[in-house]
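Heads up: the structure comes next, in structure tokens.
The values are calculated or read from the model by the stated rules, or taken from the named source; none is laboratory data. Here the structure is a predicted model, which is why all the values come from computation and not from measurement. Using ideal geometry, Cβ is built from the backbone for each residue, glycine included, and neighbour counts are taken over all protein chains shown.
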Amino acid sequence: MRLRLWLVVPMLAVAGCRSDVKEVRLDLVQAARLMQAYGSAKAAAPTPPEATQLSPERLNDLGVMLERRGMLDRAERHYRMALEQAPGFARAWVNLGNVARRRGQAAEALGHYRRAMQEDPTLFEAVNNFADLCADCGRCVGEALALLAPAVDKHPPEENVGRDTLGKLLMRGGRCGEAAAAFRTALDLTDPRERELRAEILRHLAQAYRALGDVEAARSAELRAGALE
């Protein structure tokens with residue numbers, strides 16, 4: 001599972017299940033002050049009064065920062081605070097789904113991703129995260145394929161991640177040859193500097209090759225992945 005957190009200014013980015021990190025609207029001083037108010041991940045600190053005055057976008061961004069520190073309960077609290085103000089805020093629904101997924105609550109996560117897609121059918125992260133979880137848990141695979149395949153072509157900047165997720169769905173459906181092709185395309189589209197993502201795609205490609213009985217190609221892909229880690 002790869003999570004990228006959906007922030008709304010450039011600041012803080014990991015790919016499968018993604019949350020946006022493109023735009024964080026908390027300034028650094030404000031962010032540092034709020035994060036300090038929470039203390040450690042184990043401390044049962046209340047929500048700082050300053051946080052209750054934030055816009056939905058900034059509450060979402062603060063939730064992402066908390067989630068990155070492993071403070072899932074607090075992250076969820078901020079996503080829900082954002083949604084109380086703006087129930088149609090699709091990005092917060094995606095991030096709420098990511099928290100549920102991290103907790104192993106697949107059904108709840110799928111529900112949140114569905115809500116995000118309902119609120120914004122064009123939001124790639126909602127479709128991709130839904131599809132990625134379907135591939136991992138084996139639920140709604142046909143529906144996920146039908147949603148993701150057209151979305152991938154409409155979002156060129158995210159095509160590498162989408163092709164990788166598509167490959168996972170195809171593997172789940174036993175279409176290993178098509179899956180291998182999708183993984184190869186995903187790899188070709190991924191910047192060499194994204195070593196972690198390239199390694200993960202290569203691991204998926206190795207699995208596809210093994211399912212096809214091509215042991216030599218599988219080993220080669222695994223060696224290439226290992227060299228990147």
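Below is a table of values for the structure above.
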{"read-out": "Residue check, Asp164 closer than 15 Å to Ala144 by Cα and touching a Lys or Arg at 6+ places or on another chain (Cβ under 9 Å)", "value": "yes"}
{"read-out": "Out of Ala225, Ala146, sole residue that is farther than 24 Å from Asn98 by Cα, surrounded by fewer than 21 Cβ atoms within 10 Å (Cβ to Cβ) and hydrophobic (A, V, I, L, M, F, W, C)", "value": "Ala225"}
{"read-out": "Condition broken by Met71, with the remaining ones in (1) over 15 Å from the mean Cα position of the chain (by Cα); (2) at pLDDT 95 or above satisfied", "value": "(2)"}
{"read-out": "Candidate set: segment 74-113, residues that are over 15 Å from the mean Cα position of the chain (by Cα) and among the aromatic types (Phe, Trp, Tyr); chosen: the one nearest to Ala126 (Cα to Cα)", "value": "Phe89"}
